[in-house]
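Report on the structure given below.
The values are calculated or read from the model by the stated rules, or taken from the named source; none is laboratory data. Computed from a prediction, not measured in an experiment: that's the story for all the values here. Please note: Cβ atoms are built from the backbone with ideal geometry, for glycine as well, and neighbour counts cover all protein chains shown.
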Amino acid sequence: MHINRRQMLQRSGMGLATIGLAGVLADDGLLAEESTLSAASTHNHGATRARRQEDPMAARPPHFPAQARQVIHVFLNGGLSHVDTFDPKPELSRLDGQPLPGDLPKTEFRAGALMGSLFKFAKYGQSGIEVSELFPKVGGVIDEFCVIRSMHADVPIHERSLMLMNCGTDVQFTPSMGSWLTYGLGSENQNLPGFVVLCPGKGDVVKGAENWRSAFLPPIYQGTLVGTSDRRLEKLLANIRNPRIAGEPQRRQVDLLQALNLRHLAERGEDEQLEARIQSYEMAYRMQAAAADAFDISREPKHMHDMYGESVQCKQLLMARRLVERGVRFVQVWHGSGQPWDNHQRINRALPRLAGECDQGIAALIFDLRQRGMLDETLVLVTGEFGRTPTVQLFDDQGRNGRDHNSYGFTSLIAGGGVRGGMVYGATDDFGFHSVENKVHVHDLHATMLHQLGLDHKRLTYRYSGRDFRFTDIHGHVVEELIG
């Protein structure tokens, strides 16, 4: 005899388990009419969730008029050295080789003397913002960027800082930024995922898929990983074409499969994992045509390829533009596998190579979005999970021209989406160790980005385990000075 879960609860323990179930169903908006009235009076969770269950990826209106519609997050994973790139420190260079004045902040590894930057800075654009010689092409579009030099996080550890930057907390199992955005706003293209993660290799970065997880949100909101090392469409997207059946016969086949799956779901009651799997089949079918167009950068003219550059990172950025152009809500572009910007040694060799892999592509992305009239509605965030120390890292009492992790102060760049361009906001101390002026925590950055997307970070919530969770947890404020 087959019984579903609700029947099991009714028959067990004299049915007392159904009393607890009633509270859960009220939160989910699944009780009968007399209970939905009560649910609606408490934050309207039930009605909102019911609409999402009908079509979880349908575009939804924001809380208030939005400046931006989509996000491209250029993630320099490993931790970009701000004092070598976008935060010049003359005093650091002057005292190169000397001990840091005052107390040495706690770092993950042993710290030695101060190490001045090996790279020259110059002023760029009408704003005159100083940018390192490592990023001359980004310097050429610096007037589009707000350079936030006063970022800070909580701890100088990759795993926890990655979770803070991507998921809003470093201690709880919460959804990623792209998952929150697609949950709150849906997607403008039902034939493509609302949240796409581009990464060379197979997503083998620190913390892996946890960086784009949906956590307790329905699985349909999890990021879709696309490995970009091989840009041939059949390698980029496995099974993008059905070699045996296509066209109308394939549509009929999918319809039959979905009908059988929905019958299976109905027999088993509410099951978000099963429901998400069923939805993924329909998405996969619709993607076959749409994705073949969106991800195939070979369709771009030669001058576009020349403008973006030939590195894997540059091609990813071109792909990101094609995706947001087609209505994808959130695209995260990882620089590489592992943690390429984690330069504990030989920074004099590593930084020119890494910057050379993305400088042209980032600048081209900004220019391309502007010429297409898309920059005003696209937030572009360029950042790592933290910065680097102004002191040299020691290995057996010897320095190897590298810097340790620094969560006390670092730099993020943000452009488009109604953000003020051509300005520097905040500052670190004379050496670049601590944020000291107009400090911006990662929570504040998130709150500001959500605001530009028309979302109040205090109202974008999801009830789970008896609590209303939000992306910024219980923290964060909108930095009004960043908004144009």
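Within the stretch 361-382, the set of residues being out of contact with any Phe, Trp or Tyr (no Cβ under 7 Å at 6 or more places or on another chain), buried (at least 22 other Cβ atoms within 10 Å of the Cβ) and not aliphatic (A, V, I, L, M) comprises just one member, Thr378.
Does Leu104 meet the test of being assigned by TED's automatic domain parsing to the domain that holds Gly336, modelled with pLDDT under 95 and more than 24 Å from the chain's Cα centre (by Cα)? In short, yes. The residues on offer are Asp204, Asp271, and the sole one that is at pLDDT below 95 and assigned by TED's automatic domain parsing to the domain that holds Arg329 is Asp204.
Residue-level analysis places Leu181 among those that are surrounded by 20 or more Cβ atoms within 10 Å (Cβ to Cβ) and not in a loop (DSSP other than H, G, I, E, B). Restricting the stretch 289-341 to residues that are assigned to a loop (DSSP other than H, G, I, E, B) and hydroxyl-bearing (Ser, Thr, Tyr), the residue that is modelled with the highest pLDDT is Ser311. Taken together, Ile474, Ile366 contain a single residue that is among the β-branched types (Val, Ile, Thr), farther than 23 Å from Arg160 by Cα and under 21 Å from the mean Cα position of the chain (by Cα), which is Ile366.
For the stretch 217-252, the set of residues classified as buried (at least 17 other Cβ atoms within 10 Å of the Cβ) and at pLDDT 85 or above consists of Leu217, Pro218, Pro219, Ile220, Tyr221, Gln222, Gly223, Thr224, Leu225, Val226, Gly227, Thr228, listed by residue number.
Of the residues screened, Arg213 is one that is surrounded by 22 or more Cβ atoms within 10 Å (Cβ to Cβ) and charged (D, E, K, R). Set side by side, the residues Arg213, Arg160, Arg149 differ, and just one is touching a Pro at 6+ places or on another chain (Cβ under 9 Å), in the same structural domain as Pro105 (by TED's automatic domain parsing) and at pLDDT 95 or above, which is Arg213. Residues considered: Gly186, Gly201, Gly194, Gly208. Of these, the only one that is surrounded by fewer than 24 Cβ atoms within 10 Å (Cβ to Cβ) and under 17 Å from Leu237 (Cβ atoms) is Gly201. For the stretch 382-412, a tally of residues being among the hydrophobic types (A, V, I, L, M, F, W, C) and either closer than 23 Å to Asp306 by Cα or touching a Pro at 6+ places or on another chain (Cβ under 7 Å) (or both) returns 2. If you go through the stretch 208-227 and keep only what is more than 9 Å from Thr174 (Cα to Cα) and in a loop (DSSP other than H, G, I, E, B), you end up with Pro218, Gln222, Gly223. Can you pull out every residue in the stretch 53-97 that is at positive phi and either in a strand (DSSP E or B) or surrounded by fewer than 22 Cβ atoms within 10 Å (Cβ to Cβ) (or both)? Of everything in the stretch 53-97, just one residue is at positive phi and either in a strand (DSSP E or B) or surrounded by fewer than 22 Cβ atoms within 10 Å (Cβ to Cβ) (or both), namely Gly97. Scanning the stretch 296-348 for residues that are basic (Lys, Arg), closer than 24 Å to Tyr221 by Cβ and surrounded by fewer than 18 Cβ atoms within 10 Å (Cβ to Cβ) turns up just one, Arg326.
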